[in-house]
1. Could you state, as a whole-number percent, how many of the C-alpha pairs of the stretch 36-89 are farther apart than 17 Å?
2. Expressed as a rounded percentage, what relative contact order does the chain have, with Cα pairs under 8 Å and six or more residues apart?
3. Can you give me the relative contact order of the stretch 129-178 as a percent, contacts being Cα pairs under 8 Å and 6 or more apart?
4. Please quote Rg/Rh for the stretch 77-178 to two decimal places, taking the Kirkwood radius as Rh and restricting both calculations to Cα atoms.
5. Pull up the DSSP beta bridges for the stretch 61-178 and report the antiparallel fraction as a percent, rounded to 5.
6. Kindly report the accessible area of the chain per residue (heavy atoms of protein chains, probe 1.4 Å, no ligands, DNA or RNA), in Å².
7. Looking only at Cβ-Cβ distances, which cysteines of the chain have no other cysteine closer than 4.7 Å?
8. For K59, what accessible surface area do you get with a 1.4 Å probe? Give it in Å², rounded to 10.
Amino acid sequence: CLSCASPLYQSGSGQSKCDSCAVGAYASGSGLTVCTQCATGTYLTDAGLTECSLCAPGKFQNLLGKTVCTLCPAGSYVIASGASECTLCGTGAYYTGVGAASQICSYCIPGTYSSQYGRTALSDCLLCGAGTFSGFYAQSSNTSCTNCALGTYSTTLGANSSQVCTNCVAGTYGNATG
């Protein structure tokens, strides 16, 4: 009897021929009785090949034995080849596209913040509340929004400067910040 040569295998006894592995699996070696599924981060599109290919940057595969890689969803990216998961944009940032192959996340603009990872739109950045402002990009918490000083107030949402804080008018006072 002859050994099955790579990329073929035979799992049964008494057979007259060798078989090809299913797409997403390979046989690399001779005399094999099983095929090896492609690992996470890899794929195999054609039967009869002896190794899997790495997922390209911007794509991932988190399952075994797959024939394609998946684009990273909005709010994430992957820089390296062979990824099994994408990296989420950090707090204070977002990304609207899919398949990002670089750390391309955009920052929340001054007057806004986001405390969550993987945000997908500028509208996911929340506005600083009335009586507060923030002049910085990429803020991750409402505590990044600074209160208007004592004796001033503001009704503006999403303010990016202390210039929105207005002095209390004559005959009134403000004894708290914001």
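1. 30 percent
2. 13 percent
3. 44 percent
4. 1.19
5. Roughly 90 percent of the DSSP beta bridges within the stretch 61-178 come out antiparallel.
6. 57 Å²
7. Cysteines lacking a close Cβ partner in the chain: C1, C168.
8. 80 Å²
The values are calculated or read from the model by the stated rules, or taken from the named source; none is laboratory data. Quick caveat, the model's predicted, so the values are computed rather than measured. Here Cβ is always computed from backbone atoms with ideal geometry, including for glycine, and neighbour counts include all displayed protein chains. Heavy atoms of the whole protein, side chains included, go into the accessibility calculation; ligands, DNA and RNA do not. Shrake-Rupley method; radii C 1.70, N 1.55, O 1.52, S 1.80 Å.
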